[in-house]
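Engineer: My questions all concern the structure below.
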Amino acid sequence: MENNHVKLEIPSKQTEISIHFVGDVHLGASGCDKERFKAKVKEIASDKNAYWIDMGDDCDCITTDDPRFSMSAYPSNAKLSDFVVENQAKEYIRITKPIASQCIGKHLGNHEAKFTKHKNFDVHQYIIEANNLRSLAYCALTKLFFIIKGGTAFTTTIFSHHGAGGATTTAGALNKVEKFIFSHKADIYLMAHTHQLATKEYPRLGTQETYSEHAKIVERPQILLLTGGYLRTYQQGVTGYGEVKGYQPIKLGSPKITFNREQHNKIDQYVMRVVA
């Protein structure tokens, strides 16, 4: 588990900050929606107040000698070079290079971990070193310090985990995330791996963080997020792993959370909103 403290400079109190959670791209798989992924990268690059966490499984990491490999999962025009993991990693590095400086950290995914265990190539470390990223390993606590003109405006804590297990329903996957509330203190809880894109929010009440003789009760919710992905479950003319397993079609893409300063009961607060 990693402990990650990050300072984010905010130009003014009116600035909206966005944190994107991007993972399960599976570059190299025939079902990877590469154009949708590139569009997400372009969205982050175009916003100087946007940041992102890489949730892992950036590359598919399934080679021709892998027991999970099947030519039926690829179109007839697939090339052997598509299955070379180093080529997948190089393409991921090239695509994400424009937003590398906006990355808060990168998780290790189960596909990357399994490949590295059996091969002499650490794809996770390769991407980290190429783009100068912070490794969040398999799970991490990240505390964000939002700074305005040299003073801390507010903080938020994120617990993020690549994910494990085979939950096939959204409710089942959210239940797995929910369990972390009882063991890890955070405002936002993230899990990848299932490729599902969903959110759940719990209202939480507390007292305002600044001293006042007339302190107010304020709301600061806890947010659970399944961070989606870019691998299609079904493709015409191709029999992929998800189809064989009978998985549900999923909504492709990545969520983000926006932070905006608003006034409630005459108290300045930063309000979090999920955009999926």
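One line per residue, one yes/no per condition, for (1) at positive phi; (2) out of contact with any helix residue (DSSP H, G or I) (no Cβ under 6 Å at 6 or more places or on another chain); (3) among the aromatic types (Phe, Trp, Tyr); (4) not in a helix (DSSP H, G or I):
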| site | (1), (2), (3), (4) |
| --- | --- |
| Ile99 | no, no, no, no |
| Glu112 | no, no, no, no |
| Phe121 | no, yes, yes, yes |
| Gln125 | no, yes, no, no |
| Leu133 | no, yes, no, yes |
| Thr142 | no, yes, no, yes |
| Phe146 | no, yes, yes, yes |
| Thr155 | no, yes, no, yes |
| Ile158 | no, yes, no, yes |
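Engineer: Go over the candidates Asn4, Asn49 one by one and state the one that is touching a residue at least 40 places away in the same chain (Cβ under 8 Å) and of a type in the set (S, T, N, Q).
Structural biologist: Only one candidate passes the filter, namely Asn4.
Engineer: On the given criteria, is Ala186 small (Gly, Ala, Ser) and either modelled with pLDDT of 85 or more or on the phi > 0 side of the Ramachandran plot (or both)?
Structural biologist: yes
Engineer: Only one of (1) more than 30 Å from Thr15 (Cα to Cα); (2) within 16 Å of the chain's Cα centre (by Cα); (3) surrounded by fewer than 18 Cβ atoms within 10 Å (Cβ to Cβ) is not met by Leu108, so which one is it?
Structural biologist: Answer for Leu108: the failing condition is (3).
Engineer: If I ask for residues that are charged (D, E, K, R) and surrounded by 15 or more Cβ atoms within 10 Å (Cβ to Cβ), which ones from the range 1-33 would you list?
Structural biologist: Going through the range 1-33, the residues charged (D, E, K, R) turn out to be 2, 7, 9, 13, 16, 24, 33.
The answer is Glu2, Asp24, Asp33.
Engineer: If you scan the range 34-78, which residues turn out to be modelled with pLDDT under 90, among the aromatic types (Phe, Trp, Tyr) and buried (at least 17 other Cβ atoms within 10 Å of the Cβ)? Before you say what the answer is, go through the steps one by one.
Structural biologist: Residues of the range 34-78 modelled with pLDDT under 90: 61-78.
So of that shortlist, the ones also among the aromatic types (Phe, Trp, Tyr) come out as 69, 74.
The one that is modelled with pLDDT under 90, among the aromatic types (Phe, Trp, Tyr) and buried (at least 17 other Cβ atoms within 10 Å of the Cβ): Tyr74.
Engineer: So, in the range 232-273, of the ones that are modelled with pLDDT under 80 and among the basic types (Lys, Arg), which residue ends up surrounded by the fewest Cβ atoms within 10 Å (Cβ to Cβ)?
Structural biologist: Within the range 232-273, the match that is surrounded by the fewest Cβ atoms within 10 Å (Cβ to Cβ) is Lys266.
Engineer: Pick out the one residue from Ala186, Ala164, Ala198 that is within 16 Å of Gly229 (Cα to Cα) and touching a strand residue (DSSP E or B) at 6+ places or on another chain (Cβ under 7 Å).
Structural biologist: After applying the criteria, what remains is Ala198.
Engineer: Search the range 22-51 for residues being touching a Phe, Trp or Tyr at 6+ places or on another chain (Cβ under 7 Å), among the hydrophobic types (A, V, I, L, M, F, W, C) and outside any loop (DSSP other than H, G, I, E, B), and hand back the single one that is nearest to Ser183 (Cα to Cα).
Structural biologist: So the residue we want is Val22.
The values are calculated or read from the model by the stated rules, or taken from the named source; none is laboratory data. Being a predicted model, the structure only gives us computed values, none of them experimental. Note that we place each Cβ from the backbone using ideal geometry, even for glycine, and neighbour counts take in every protein chain shown.
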